[in-house]
Amino acid sequence: ETGVTQSPTHLIKTRGQQVTLRCSSQSGHNTVSWYQQALGQGPQFIFQYYREEENGRGNFPPRFSGLQFPNYSSELNVNALELDDSALYLCASSLTDRGSREQYFGPGTRLTVT
Amino acid sequence: DAKTTQPTSMDCAEGRAANLPCNHSTISGNEYVYWYRQIHSQGPQYIIHGLKNNETNEMASLIITEDRKSSTLILPHATLRDTAVYYCIVRVTSGSRLTFGEGTQLTVNP
């Protein structure tokens, strides 16, 4: 158990719809990262939030957006869903400081777009 | 972040040591080597990381060569529950992203 939780566990949406996924970080962590994992592939970095500001973004279009709240929980929003958005979405929390810290992953949200 | 190369798959007998290699020949002096594993359909799990020296924790040992161009993750007594995809990742700081490759599918056989 990492202390990172995600909701919902599974979700089915229709192409063109919008979806919001949620992540609760481990206590004391100030950074959250989101990853997309397509079937049979390694996770791909979407973006990262540090103290409520976006702090890096991968090669994903603007319809992928996020928020980090003062309590360091986070949301991932995806607009205009496409079939290729079907994947496991993972969030990871960490503590950004002067050291090199590990990221702790949640169990993921399985999104299916039909 | 430097690119890593890992074998696609490996097998190991239960109770034996599993040695998983990783090449990172373009690693920079300030980049750490991280290992994560992912059991089917779960989130990746942090195992261990190191900069120059060998590291050991309750899960595994990490051996980094003197030139830092390669490393080996050692699971001293593999169990069936260690069957997973193991990812070797090189990254600079605590705030930076994790860049996952294809990883090594380790299968522990009874």
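A few points about this structure:
- Viscosity 0.692 mPa s, temperature 37 °C, Stokes-Einstein D of the protein assembly as shown from Kirkwood C-alpha radius, µm²/s: 182
- Candidate cross-link partners of B:Lys69 among the lysines, defined by an alpha-carbon separation under 27 Å and a same-chain spacing of 8 or more, comprise B:Lys3, B:Lys52.
- Centre-to-centre separation between the Cα atoms of region A:65-114 and those of region B:40-108: 22 Å.
- Amide H to amide H, with H built 1.01 Å from N, B:Gln105 comes under 5 Å of B:Ser9, B:Met10, B:Tyr86, counting only residues 5 or more places away or on other chains.
- Stretch in chain A that is longest and holds no trypsin sites (Lys or Arg not before Pro) that DSSP places in a loop and that have at most 13 other beta carbons within 10 Å: A:16-50
- Phi angles of region A:27-43 translate, via the Karplus equation with coefficients 6.51, -1.76, 1.60 and θ = phi - 60°, into HN-Hα couplings of 3, x, 8, 10, 10, 10, 10, 10, 10, 10, 10, 6, 4, x, 10, x, x Hz per residue; Gly and Pro are given as x.
- Largest GNM mean-square fluctuation among B:His77, B:His40, B:His49, using chain B with Cα springs under 10 Å: B:His40.
- Accessible area buried between chains A and B, both sides summed, probe 1.4 Å, in Å² to nearest 100: 1600
- Region B:45-51 - phi-based ³J(HN,Hα) in whole Hz, Karplus 6.51/-1.76/1.60, Gly and Pro as x: 10, 5, 10, 6, 8, x, 10
- Kirkwood-based Rg to Rh ratio, chain B, C-alpha trace: 0.94
- Karplus-based coupling profile of region B:62-73, in residue order and whole Hz: 10, 10, 10, 5, 4, 7, 6, 8, 8, 8, 9, 8, with θ = phi - 60° in 6.51 cos²θ - 1.76 cosθ + 1.60 and x standing for Gly or Pro.
- Computed about its Cα centre, the charge dipole of chain A is approximately 120 debye, with only Lys, Arg, Asp and Glu carrying charge at their Cβ.
- GluC sites (Glu not before Pro) within region A:38-76: DSSP coil, no more than 14 neighbouring Cβ in 10 Å: A:Glu52
- If you take all other residues with their beta carbon under 14 Å from the beta carbon of B:Ser61, and give Lys and Arg +1 and Asp and Glu -1, the sum is -3.
- Proximal charge balance of A:Ala87 [Cβ under 14 Å; K/R count +1, D/E count -1]: -1
- Stokes-Einstein D (µm²/s) once Rh is taken as the Kirkwood radius of chain A over alpha-carbon pairs, at 4 °C in 1.567 mPa s: 92
- Lacking any other cysteine beta-carbon closer than 4.7 Å, the following Cys residues of the protein assembly as shown have no compatible partner: B:Cys12.
The values are calculated or read from the model by the stated rules, or taken from the named source; none is laboratory data. Remember, it's a predicted structure, so these values are computed and weren't measured experimentally. A quick note on method: Cβ atoms are made from the backbone with ideal geometry, for glycine too, and the neighbour counts reach across all protein chains shown. Heavy atoms of the whole protein, side chains included, go into the accessibility calculation; ligands, DNA and RNA do not. Shrake-Rupley method; radii C 1.70, N 1.55, O 1.52, S 1.80 Å.
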